[in-house]
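The structure under discussion appears below in the form of structure tokens.
The values are calculated or read from the model by the stated rules, or taken from the named source; none is laboratory data. Small disclaimer: the values here were computed from a predicted structure and weren't measured. In this analysis, Cβ positions are derived from the backbone assuming ideal geometry, glycine residues included, and neighbour counts consider all displayed protein chains.
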């Protein structure tokens, strides 16, 4: 019996996908701007949730580049750090 590796799903740009979303890049490899799909994969939430957070003004800061939404990785990381609302040392 031969072993065949399971093919990895890729988008049209050849980027591998994890559960239908692009895999989050390492901090050194990722660029300064990220797409909503990259941020959704990084945070583990649907892209629709990011759009709702933007509408409500409660999510990470988002920027419009032309007609596209983009996030700065450092702002997303800072936002995640600020989300701790309780003391874990109890």
Considering every residue within the stretch 42-63, establish whether at least one is touching a helix residue (DSSP H, G or I) at 6+ places or on another chain (Cβ under 6 Å) and either at pLDDT below 70 or part of a helix (DSSP H, G or I) (or both). yes
Filtered residue count, the stretch 32-46, keeping only those that are within 18 Å of residue 68 (Cβ to Cβ) and without any contact (Cβ under 8 Å) to a residue 12 or more places away in the chain: 0
When you go through (1) modelled with pLDDT under 95; (2) assigned to a strand (DSSP E or B); (3) in contact with a helix residue (DSSP H, G or I) (Cβ under 6 Å, 6 or more places away or on another chain) one by one for residue 71, which number turns out not to apply? (1)
